[in-house]
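Read-outs: derived from the displayed coordinates by stated rules, not from any lab. A quick note: this is a predicted structure, and the numbers were derived from the prediction, not measured. Glycine gets a Cβ as well: all are built from the backbone with ideal geometry, and neighbour counts include every protein chain shown.
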Amino acid sequence: MKNNAPKILIVEDEPSFIEALQIGLVREGFEVDIAVDGIKAIERFEQYKPDLVILDVMLPKLSGIDVCREIRSHSRVPIVMVTAKGEEIDTVVGLEIGADDYITKPYRLRELVARMRSLLRRSNWTEDSEAQKEGVRVEEGEISIDLDKHEVQIRNEYVEMPLKEFELLVLLLENADRVLTRDVLIDRIWGFDYVGDTKTLDVHIKRLRSKVEVDPKNPKLIHTVRGVGYRFLRQVK
Ligand code: CA
């Protein structure tokens with residue numbers, strides 16, 4: 001049984017990112033170790049035995065792609081690839097060789113942490129933890145979501161929600177008060193290679209509003225940011 005903080009290996013060569021990540025993740029309750037190039041990443045991985053790896057793609061000595069491939073040859077540890085804008089090709093390769101998720105610089109720490117927690121949940125790190133006993137919940141105003149049981153309560157009533165709507169609501173709530181662009185929403189819910197009709201997003205938002213809003217025709221929670229995307233408005237108590 002693991003009671004200690006999840007161990008995170010940060011593989012990053014830019015000092016400003018290293019510092020911000022280290023401070024931010026420790027504050028979020030993670031234990032952190034750092035490797036500043038691809039060779040050190042593999043060394044630290046073997047010694048530190050992290051629960052999750054944050055892996056920059058562009059690294060000295062050995063690329064993040066090669067590091068990912070090496071780790072995957074013998075471990076299923078969750079890996080989040082970090083790419084810079086314009087490195088989409090590396091992103092695709094990264095997912096093909098077994099990275100679990102990716103995030104593009106610049107990103108918000110809060111978004112990274114949300115993805116990390118989701119991956120750690122999936123990899124059963126929380127199996128025996130306090131969090132699991134209590135159920136991992138996302139709460140905002142009159143909405144309460146149990147992530148493990150996939151249960152949504154709105155104004156104290158259980159509401160049925162198909163998977164994509166559920167994921168969309170969780171994403172909006174986890175980023176309350178932040179504008180999520182259409183691209184980000186489609187990318188996170190339907191996948192970065194989604195080529196379907198972009199109206200799918202609007203249809204799902206409409207369905208969500210019909211369940212979440214007191215008056216769906218006059219939405220107060222899920223706000224449309226014209227030409228950009230959507231934002232879940234945090235309710236001031
Ligand atoms: Ca880099």
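Please find the FRET efficiency linking Gln235 to Glu31, where r is the Cβ-Cβ separation and R0 is fixed at 45 Å, and quote it to the nearest 0.05. Write down the numbers at each step before the final one.
Numbers: r = 34 Å, r/R0 = 0.75.
It comes out at approximately 0.85.
Quick check on segment 7-127: take the gyration tensor over C-alpha atoms, sort the square-rooted eigenvalues as a ≥ b ≥ c, and tell me if it's rounded (a/c under 1.5), prolate or oblate.
Values: a/c = 1.21, a/b = 1.11, b/c = 1.09.
It is rounded, given that a/c, with a ≥ b ≥ c, falls under 1.5.
For segment 7-127, calculate the relative contact order in percent as a whole number, restricting contacts to Cα pairs under 8 Å that are 6 or more residues apart. Numbers along the way, then the final one.
Values: 192 pairs, mean separation 27.0, N = 121.
Worked out over segment 7-127, it gives 22 percent.
What is the angle, in °, between the Cα long axis of helix 109-122 and the longest principal axis of the Cα atoms in the chain? Nearest 10 is fine, range 0 to 90.
Here the helix axis deviates by roughly 80 degrees.
Can you compute the FRET efficiency between Ser210 and Lys105 using 1/(1 + (r/R0)^6), with r the Cβ-Cβ distance and R0 = 35 Å? Round to the nearest 0.05. If you can, show how the numbers build up before the last one.
Numbers: r = 37 Å, r/R0 = 1.05.
The computed FRET efficiency comes out at 0.45.
Express the relative contact order of the chain as a whole percentage, based on alpha carbon pairs under 8 Å and six or more residues apart in sequence.
After rounding, I find 12 percent.
What angle do you read, to the nearest 10 degrees and between 0 and 90, between the alpha-carbon axis of helix 199-212 and the longest principal axis of the chain?
Approximately 60 degrees, to the nearest ten.
Springs between alpha-carbon atoms under 10 Å, Gaussian network over the chain: tell me which of Arg188, Arg121, Arg108 tops the mean-square fluctuations.
Of the options given, Arg108 has the highest mean-square fluctuation.
For the pairs Lys61/Lys105; Lys164/Lys217; Lys49/Lys199, flag any whose C-alpha to C-alpha distance is greater than 32 Å.
On the way: Lys61/Lys105 21 Å; Lys164/Lys217 22 Å; Lys49/Lys199 43 Å.
Check vs 32 Å cut-off fails for Lys49/Lys199.
What's the extension gain from Glu46 to Val179 if we count 0.36 nm per residue and subtract their Cα-Cα distance?
Numbers: separation 133, 0.36 × 133 = 47.88 nm, distance 3.92 nm.
Stretched out fully, the Glu46 to Val179 stretch lengthens by 44.0 nm.
At 222 nm, what value in deg cm²/dmol follows for the chain if DSSP H runs of at least 4 each add -39500 (n - 2.57) and the sum is divided by all its residues, to the nearest 500?
Details: 9 runs with 96 residues, N = 237.
Rounded to the nearest 500, the figure is -12000 deg cm²/dmol.
For segment 151-169 and segment 1-49, what is the centre-to-centre distance using only Cα atoms, to the nearest Å?
34 Å
How big is D, in µm² s⁻¹, for the chain by Stokes-Einstein at 20 °C and 1.002 mPa s if Rh is the Kirkwood radius over C-alpha pairs? Don't skip to the end; give the middle numbers.
Details: Rh = 19.1 Å.
Value of D from the Cα-based Kirkwood radius: 112 µm²/s.
Quick one: helix 15-27 against the long Cα principal axis of the chain, what's the angle to the nearest 10°, folded into 0 to 90?
Computed tilt is about 60 degrees.
Scan around Lys105 for amide H atoms under 5 Å from its own, H built in the peptide plane at 1.01 Å from N, and keep only partners 5 or more places away or cross-chain.
Excluding prolines and chain starts, which carry no amide H, the hits are Thr83, Ala84, Lys85.
Hey, if you put +1 on the Cβ of every Lys and Arg and -1 on every Asp and Glu Cβ in the chain, which of Val152, Ala20, Tyr107 ends up farthest toward the positive end of that dipole?
Val152
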